[in-house]
Amino acid sequence: MKTMLLGTSPAIVWESPITALIIICTFIVILTFIVFYFQYKGRKERYRLAEQTLTSGQPFPESLFKNKSESTQEFKGIKKTFLGFGLFIFLWAITGEFSIGSIGLLIMSVGIGQWIIDNKTARKLKENTPNNEKAE
């Protein structure tokens with residue numbers, strides 16, 4: 001990796017595409033390990049909390065180990081949106097053809113649709129539920 005000075009700021013010039021590929025793959029692996037570490041840390045904290053609850057004799061809450069966010073349509077839509085975007089970039093970069101990369105755009109569109117449907121459904125449910133504060 002060479003560093004050339006252009007004006008006052010240095011610009012990195014890659015000597016080979018292999019160097020760029022190694023750096024990108026290393027970044028992805030590190031990012032994956034960070035995500036898994038924090039998931040493990042959160043799960044371990046929940047187990048510790050459950051153990052303290054049981055040893056103190058308090059009732060055990062059933063919702064402690066349920067992942068509510070993963071079951072929603074919004075979460076699935078967000079996941080498909082970014083999966084489609086990543087697939088679009090990957091296929092377009094690998095093949096060099098926009099038409100093959102557009103497969104990812106199709107998946108991304110489905111994810112955006114799920115996201116919008118969930119938001120509109122949640123808004124309608126809020127409008128249709130009676131307000132308990134006015135009744136009291």
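Laboratory data are not the source of any read-out in this text; all were calculated from the coordinates shown. Nothing here was measured: the structure is a model prediction, and the numbers come from that model. With ideal geometry, Cβ positions are generated from the backbone for all residues, glycine too; neighbour counts draw on all protein chains shown.
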Relative contact order as a percentage, the stretch 67-127, C-alpha pairs under 8 Å and 6+ apart, gives 41 percent
Computed for the stretch 67-127: size of charge dipole around the Cα centre, +1 on C-beta of each Lys and Arg, -1 on C-beta of each Asp and Glu, debye to nearest 20, value 320 debye
Taking a ≥ b ≥ c as the square roots of the eigenvalues of the Cα gyration tensor, with a/c under 1.5 meaning rounded and otherwise prolate when a/b exceeds b/c and oblate if not, the stretch 67-127 is prolate
With a 30 Å threshold on alpha-carbon distance, the violating pairs from 80/126; 79/126; 44/126; 76/126 are 44/126
Most exposed first, judged by fewest Cβ atoms within 10 angstrom, 56, 109 run 56, 109
For 25-35, 93-103, ranked highest to lowest by mean beta-carbon neighbours within 10 Å, the order is 93-103, 25-35
